[in-house]
Amino acid sequence: MTIFVSCEESVTPNPPTFYKIITGNNKKTWKLTALKWTGEGQDDIKYTLGNCYKDDLYIFYANTEKLYEVTGGTIKCSSDETATLVSDTWSMVNATATLTVVIPIFSDNPLPFFVQKVTSKEMTLQIYLDQDNKYSYVVTMQSVSEE
């Protein structure tokens, strides 16, 4: 006589602590605060962000789907701008410190940004414009709320 016993254990996703710096326990909201262009052997160019970009909110959710939203602030960049500018997902590759998200000032599609620095209050992302990594944009964001 053979008896088989089976145990079922609920698997609860446990994201790495690093993710929680970006997402908080449930969700975390960020704002763009700075944008600059860098080029090898050239002076950096700092851009003045228009008010319509500065009040947009970038929301990273800590759920298993890794939802991500960008919502427009009170100052619209165009007359037909909707309240939700992006509703997508985010992804992170720890080995290369690459955060893939949509940042509307660059594209309507997800792009791979290298995480240069991230603390509970500030995140600096960099995206290279060429395969030799000589030219890039650097984006700085600040945390505005966390749940």
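Tabulated results
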item	result
Enumeration of residues in the range 82-101 that are free of Cβ contacts under 8 Å to residues at least 60 places away in the same chain and surrounded by fewer than 14 Cβ atoms within 10 Å (Cβ to Cβ)	82, 83, 84, 87, 91, 93, 95, 96
Index of the failed condition, residue 20 passing every other in (1) at pLDDT below 95; (2) more than 15 Å from residue 120 (Cα to Cα)	(2)
The lone exception for residue 136 - which of (1) touching a Lys or Arg at 6+ places or on another chain (Cβ under 7 Å); (2) of a type in the set (Ser, Thr, Tyr); (3) more than 16 Å from residue 58 (Cβ to Cβ) it fails	(1)
The range 131-147: number of residues that are small (Gly, Ala, Ser) and out of contact with any strand residue (DSSP E or B) (no Cβ under 7 Å at 6 or more places or on another chain)	0
Residue pairs meeting the criteria (Cβ under 7 Å; at least 6 apart or on separate chains; first over 30 Å from residue 20 (Cβ atoms), in the range 32-59; second of a type in the set (S, T, N, Q) and not in a strand (DSSP E or B))	none
The range 108-137, residues that are part of a loop (DSSP other than H, G, I, E, B) and either in contact (Cβ under 8 Å) with a residue 60 or more places away in the chain or of a type in the set (Ser, Thr, Tyr) (or both)	119, 120, 134
Number of the condition not met by residue 38 [criteria: (1) within 23 Å of residue 133 (Cα to Cα); (2) of a type outside the set (Lys, Arg); (3) part of a loop (DSSP other than H, G, I, E, B)]	(3)
Out of 78, 143, 87, 91, sole residue that is more than 27 Å from residue 39 (Cβ to Cβ) and at pLDDT below 95	78
Lone unmet requirement of (1) more than 18 Å from residue 126 (Cβ to Cβ); (2) modelled with pLDDT under 95; (3) within 15 Å of the chain's Cα centre (by Cα) for residue 50	(3)
Checking residue 105 against (1) assigned to a loop (DSSP other than H, G, I, E, B); (2) without any contact (Cβ under 8 Å) to a residue 60 or more places away in the chain; (3) not polar (S, T, N, Q), the condition it does not meet	(2)
Test: residue in the range 52-75 that is in a helix (DSSP H, G or I) and among the charged types (D, E, K, R)	yes
Within the range 81-102, tally of residues that are in a strand (DSSP E or B), farther than 19 Å from residue 140 by Cα and among the hydroxyl-bearing types (Ser, Thr, Tyr)	3
Which numbered condition residue 77 fails, given (1) under 16 Å from residue 28 (Cβ atoms); (2) surrounded by 15 or more Cβ atoms within 10 Å (Cβ to Cβ)	(1)
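The values are calculated or read from the model by the stated rules, or taken from the named source; none is laboratory data. In this text the structure is predicted, and so the values were computed from the model without any measurement. Here Cβ is always computed from backbone atoms with ideal geometry, including for glycine, and neighbour counts include all displayed protein chains.
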